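The values are calculated or read from the model by the stated rules, or taken from the named source; none is laboratory data. Treat the numbers as computed from the prediction; the structure is a model and nothing was measured. Counting neighbours? That spans all protein chains shown, and the Cβs are built from the backbone with ideal geometry, glycine included.
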Amino acid sequence: MRKNLILMSLFIVLLSSCGLGYNGSQVSSLLFREEYRKVINVLNRDTAGLRVPDDVPFLYKAELSGYSSDILAEYYYHRAYTGLKKYKKAIVHIVKYLEKTGHDRPYFESRIALIDMCYVMFNHPEYSIRLLEESLMEDRRNSQLKVMLASLYEYEAYWGGGDWQKAIDLYDEIEASLDSNQRTLLNYWKSSIYGDSDKALSEITKSLEKSGYTELEDLQRRAGIYESRKDYEAAIEDYTRMIEVSDESYRAYYGRSSCYEALGDTLSARRDRKRAEHLQDSVLRERFVRDSAEMSIVMRNRI
């Protein structure tokens with residue numbers, strides 16, 4: 001009897017060391033501890049009961065929380081293989097994730113794909129492009145596949161090995177399927193491709209019209225184009241609008257200060273620069289306090 005108990009204990013230890021002693025609800029802790037091989041072992045055995053990983057930012061949680069275990073499994077696979085630096089295997093699961101989630105929103109605004117997944121795919125852009133093109137041939141309505149592929153076309157073109165027009169064509173295709181007043185990032189992305197040209201101004205103005213001139217990034221982008229063209233009065237208007245929209249837009253004060261300086265209004269330039277420095281200092285201090293508090297809460301929960 002004692003011998004059987006010892007053998008059973010050894011068997012349990014062996015299962016745990018192989019990652020088989022865990023289930024889907026515990027795999028998040030394995031990911032946090034960077035035990036990536038165990039994560040893969042658990043997923044290969046069973047994906048039931050998966051929950052959103054504890055270590056993901058709030059915006060990731062908002063996106064992932066509505067998904068079933070089979071979709072969460074693709075996210076876990078991509079994280080685990082990325083941790084092991086097996087990028088091509090990670091990319092396969094990224095594509096599967098995009099295939100499964102590309103129809104649950106009218107347009108692509110996924111921060112997960114744009115941040116984490118793009119970073120992984122850029123390690124092997126040609127391989128990623130081939131997989132995405134094959135997948136898109138079977139599912140032409142999947143906007144996530146289109147935007148990810150357009151991002152890679154853009155990346156390849158930036159480094160001299162691709163065609164900007166391919167990215168623009170895909171962005172146009174997505175935009176054509178949307179409501180004309182629907183706010184997306186598509187116009188903003190296209191404006192970055194067009195540089196500081198008239199087309200760039202046209203795209204960013206369309207984006208601003210859809211948002212009711214409230215998007216800070218759009219306003220800053222257009223102000224920057226005007227400033228590069230030495231149209232300082234127009235740039236000042238957009239920087240002023242940024243200041244009206246947000247109490248934290250110290251960047252607008254810096255930008256407006258440089259425009260006033262170029263116009264010879266040194267008094268206004270100096271006033272805006274002082275305001276920018278004061279705001280920047282207070283914003284960074286608030287963020288530091290908030291982030292420290294959030295980190296403290298997260299660590300207490302983990303303990």
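Structure notes:
- For region 148-164, the set of residues classified as within 19 Å of the chain's Cα centre (by Cα) and either modelled with pLDDT under 85 or of a type in the set (A, V, I, L, M) (or both) consists of Met148, Leu149, Ala150, Leu152, listed by residue number.
- Near pairs, Cβ below 6 angstrom, 6+ apart or cross-chain, from region 55-67 (at pLDDT below 85) to any residue that is not β-branched (Val, Ile, Thr): Leu59/Arg111
- Scope region 75-89; condition in a helix (DSSP H, G or I) and more than 17 Å from the chain's Cα centre (by Cα); matching residues: Tyr77, Ala80, Tyr81, Gly83, Tyr87, Lys88, Lys89
- Checking the stated criteria, Thr266 turns out not to satisfy the condition of being more than 26 Å from Ser282 (Cβ to Cβ) and free of Cβ contacts under 8 Å to residues at least 40 places away in the same chain.
- Condition check for Ala234: of a type in the set (Gly, Ala, Ser), surrounded by 14 or more Cβ atoms within 10 Å (Cβ to Cβ), touching a helix residue (DSSP H, G or I) at 6+ places or on another chain (Cβ under 9 Å) and modelled with pLDDT of 95 or more: yes
- Note on region 153-167: residues that are surrounded by fewer than 17 Cβ atoms within 10 Å (Cβ to Cβ) and either closer than 13 Å to Trp189 by Cβ or small (Gly, Ala, Ser) (or both) total 4.
- Subset tally (residues that are of a type in the set (Asp, Glu), closer than 21 Å to Glu217 by Cα and modelled with pLDDT of 90 or more) for region 165-188: 1
- Subset of region 120-151 (residues that are hydrophobic (A, V, I, L, M, F, W, C) and in a helix (DSSP H, G or I)): Val120, Met121, Ile129, Leu131, Leu132, Leu136, Met137, Leu145, Val147, Met148, Leu149, Ala150
- Within the set Arg287, Arg275, Arg271, the sole residue that is over 25 Å from Gly212 (Cα atoms) and at pLDDT 95 or above turns out to be Arg271.
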